[in-house]
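The values are calculated or read from the model by the stated rules, or taken from the named source; none is laboratory data. Just so it is clear, the structure is predicted and the values come from calculations on it, not from any experiment. Please note: Cβ atoms are built from the backbone with ideal geometry, for glycine as well, and neighbour counts cover all protein chains shown. Ligands, DNA and RNA are excluded from the accessible area calculation, which covers all protein heavy atoms including side chains. Shrake-Rupley method; radii C 1.70, N 1.55, O 1.52, S 1.80 Å.
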Amino acid sequence: MQAISSARPIGVISDTHGLMRPEALAMLEGCGVILHLGDVGSRDEDAAILERLGELAPLVTVRGNIDTAPWAEALPMTHDLSVNGWRLHLVHILEAFDPATPCDAVLHGHSHKPRNQWRDGRLLFNPGAAGKRRFRLPITLGKLWADERGLRGAILHLPL
């Protein structure tokens with residue numbers, strides 16, 4: 001399991017679908033690590049989204065169902081990491097999560113619906129979608145704080 005130590009917040013973004021909004025980049029500045037939970041984009045040029053996010057902070061990414069370009073084949077379907085001792089499990093589609101996985105939080109995307117909910121002692125966190133609008137869902141991303149005070153999340157609406 002990858003271990004990260006950071007006093008700064010964790011930026012969480014998902015479902016960019018080939019669109020990296022400048023407002024999202026501004027909101028992720030100052031994060032200690034950024035997590036992209038899949039559906040980066042399906043075109044060759046969409047790899048630039050990950051490059052840009054990686055310029056802001058260390059980046060961890062999992063593959064989503066639309067990540068079909070050759071560059072995306074290197075992305076794992078799931079990833080486990082520990083931030084300041086808090087165990088985070090990253091997966092694009094929540095239904096692909098094995099509940100036997102030891103973790104304090106399951107970070108997922110796919111539905112485009114923001115979620116910040118504790119269930120059975122585990123945080124279920126979906127930052128929503130920061131890319132193209134789907135139906136009437138909001139354009140959002142998330143931040144997590146993982147420290148001695150606990151594991152806390154916030155859904156942030158992009159100022160569009």
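Listed values, structure above:
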quantity: Kirkwood Rh, angstrom, the chain [1 / mean 1/r, Cα pairs]; calculated: 15.3
quantity: Computed accessible area, Met20, all protein chains, 1.4 angstrom probe, square angstrom; calculated: 40
quantity: Gyration tensor (alpha-carbon) shape descriptor, region 61-150, a/c threshold 1.5; calculated: oblate
quantity: Accessible surface of region 6-82, 1.4 Å probe, proportion on carbon and sulfur as whole %; calculated: 52
quantity: Extension gain from Glu148 to Arg43, taking 0.36 nm per residue of separation minus the Cα-Cα distance; calculated: 33.7 nm
quantity: Heavy atoms of Leu160 accessible to a 1.4 Å probe, total area in Å² rounded to 10; calculated: 110
quantity: Whole-Å semi-axes of region 1-92's equivalent ellipsoid (Cα gyration tensor); calculated: 21, 16, 9
quantity: Cα-based shape type of region 1-41, given that a ≥ b ≥ c are square roots of the gyration tensor eigenvalues and the cut on a/c is 1.5; calculated: oblate
quantity: Charge dipole magnitude, Cβ of K and R +1, D and E -1 - region 90-150, Cα centre, debye nearest 20; calculated: 560
quantity: Surface accessible to a 1.4 Å probe, per residue, for the residues of the chain, Å²; calculated: 47
quantity: Farthest positive-ward along the chain dipole, Cα basis, beta-carbon charges - from Pro22, Val91, Gln117; calculated: Gln117
quantity: Estimated FRET transfer efficiency when R0 is 22 angstrom, pair Ala7-Trp118 (beta carbons, to 0.05); calculated: 0.40
quantity: Size of charge dipole - the chain - debye, nearest 20, with Cβ of Lys, Arg +1 and Asp, Glu -1, no other charges; calculated: 640
quantity: Around Lys143: net Lys/Arg minus Asp/Glu count, Cβ-Cβ under 15 Å; calculated: +1
